[in-house]
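S.K.: Below is a structure I'd like to ask you about.
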Amino acid sequence: MFEYNDTYYYVHENVYEPAEDTFLLIDNLQVDRKDRVLEIGTGTGLVAVTAAKKSMKVVATDVNPHAIECASKNIITNRTYNVELRHGDLFETVEGEKFDLILFNTPYLPTGEEETVEGDLNAAWDGGENGRDVIDRFLDELLEHLTPKGRVQLVQSSLSDNKETLEKLKNMGFEASITAKEHAFFEDIVVITGILN
């Protein structure tokens, strides 16, 4: 068992283990007590559990069944029973639902065919050739699931074109900016926050 900011969590060999990008998002969450929160790609559930301690309700999804299993264990360990887990890709399990805040630590690494790995873990980082495959799919559906004045916080990397994400969000009606940044190896990992005007 591991601990971060008084939150205890287990990991699983087939689930993305919390790292710099996870902690950067946790440390910069903009959550209000009244918020209904959606986290896409919950992994171990550490972000969802942290958000649940500060909000009314969290729905957390993941395409990886092992992640749902791991996150369930961590929800029980931390007694955050206002988290609901759903197994599915991006927004497919929340059709017709709207949220005040949507969180996503995106699969942002540019990944060629030869760099993919077998199994469920690949989905955690595989952003396609330019790192934007999943980011752009997410942005295409984002507005359908936000309340008026809703917010989004997503993690990505300088390798997957932060400027393009900021431009897209602004064109969609968001006030968007980089609200946190950390240099790691050959990239800058950032949290992009958007507030719907």
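S.K.: Set the Förster radius R0 to 25 Å, insert the Cβ-Cβ distance between residue 81 and residue 143 as r into 1/(1 + (r/R0)^6), and round the FRET efficiency to 0.05.
M.R.: After rounding to 0.05, the efficiency reads 0.25.
S.K.: At 1.4 Å probe size, what's the solvent-accessible area of residue 73? Round to the nearest 10 Å².
M.R.: The accessible area of residue 73 comes to roughly 100 Å².
S.K.: Under 5 Å between amide H atoms, partner at least 5 residues away or on a different chain: which partners does residue 36 have, H built in plane at 1.01 Å?
M.R.: Residues meeting the amide H criterion: 100, 101.
S.K.: Only Cα pairs under 8 Å and at least 6 apart count here; give the relative contact order of the chain as a rounded whole percent.
M.R.: Contact order relative to length: 19 percent.
S.K.: Would you mind telling me the share, in percent, of accessible area of the chain contributed by carbon and sulfur at probe 1.4 angstrom?
M.R.: Answer for the chain: carbon and sulfur cover 49 percent of the accessible area.
S.K.: For a quick check, take a GNM of the chain with Cα springs below 10 Å and name the residue from 22, 44, 106 with the largest mean-square fluctuation.
M.R.: 22
S.K.: Please give the Cα centre distance for the stretch 52-90 versus the stretch 160-197, rounded to the nearest Å.
M.R.: 25
S.K.: Still on this structure, please answer the following. Go ahead and collect, in residue order, the members of the stretch 22-39 whose backbone nitrogen is under 17 Å from a label point 7 Å along the Cα-Cβ direction of residue 177.
M.R.: 28-31
S.K.: To continue, here is another question. If you count the DSSP beta bridges with both ends in the stretch 1-196, what percent of them are antiparallel, to the nearest 5?
M.R.: Around 50 percent of the beta bridges assigned by DSSP in the stretch 1-196 are antiparallel ones.
S.K.: Of the residues 179, 165, 50, which exhibits the maximal mean-square fluctuation in a Gaussian network model of the chain defined by a 10 Å Cα contact cut-off?
M.R.: 179
S.K.: Right, next: With runs of 4+ DSSP H residues as the only contributors, calculate the mean residue ellipticity of the chain at 222 nm using -39,500 (n - 2.57) per run, divided by the residue total and rounded to the nearest 500.
M.R.: Calculated mean residue ellipticity at 222 nm is -7000 deg cm²/dmol.
S.K.: Among 56, 172, what's the order by accessible area (1.4 angstrom probe), most exposed first?
M.R.: 56, 172
S.K.: Among the complete DSSP H segments of the chain, which ones combine at least 18 Å of alpha-carbon extent along their axis with a mean Kyte-Doolittle hydropathy of -1.0 or more?
M.R.: Span-like helices, by this rule, are 65-78.
S.K.: In square nanometres, what is one fourth of the surface area of the convex hull spanned by the alpha carbons of the chain?
M.R.: 10.1
S.K.: Here's something else I'd like to know. Ranked by accessible surface with a 1.4 Å probe, highest first, in what order do 8, 81, 16 come?
M.R.: Listed by decreasing accessible area, they come as 81, 8, 16.
S.K.: Got a sec? What order do 186, 2 fall in by accessible area at 1.4 Å, biggest, i.e. largest, first?
M.R.: Correct descending sequence by accessible area is 186, 2.
S.K.: Name the most mobile residue of 96, 43, 88, meaning the one with the largest mean-square fluctuation, in a Gaussian network model of the chain with Cα contacts below 10 Å.
M.R.: Looking only at 96, 43, 88, the largest GNM fluctuation is found for 96.
The values are calculated or read from the model by the stated rules, or taken from the named source; none is laboratory data. Predicted, not measured: the structure shown is a model, and the values here were computed from it. Positions of Cβ are backbone-derived with ideal geometry, glycine not excepted, and every protein chain shown enters the neighbour counts. Accessible surface is based on the protein model in full, side chains and every heavy atom, while ligands, DNA and RNA are left aside. Shrake-Rupley method; radii C 1.70, N 1.55, O 1.52, S 1.80 Å.
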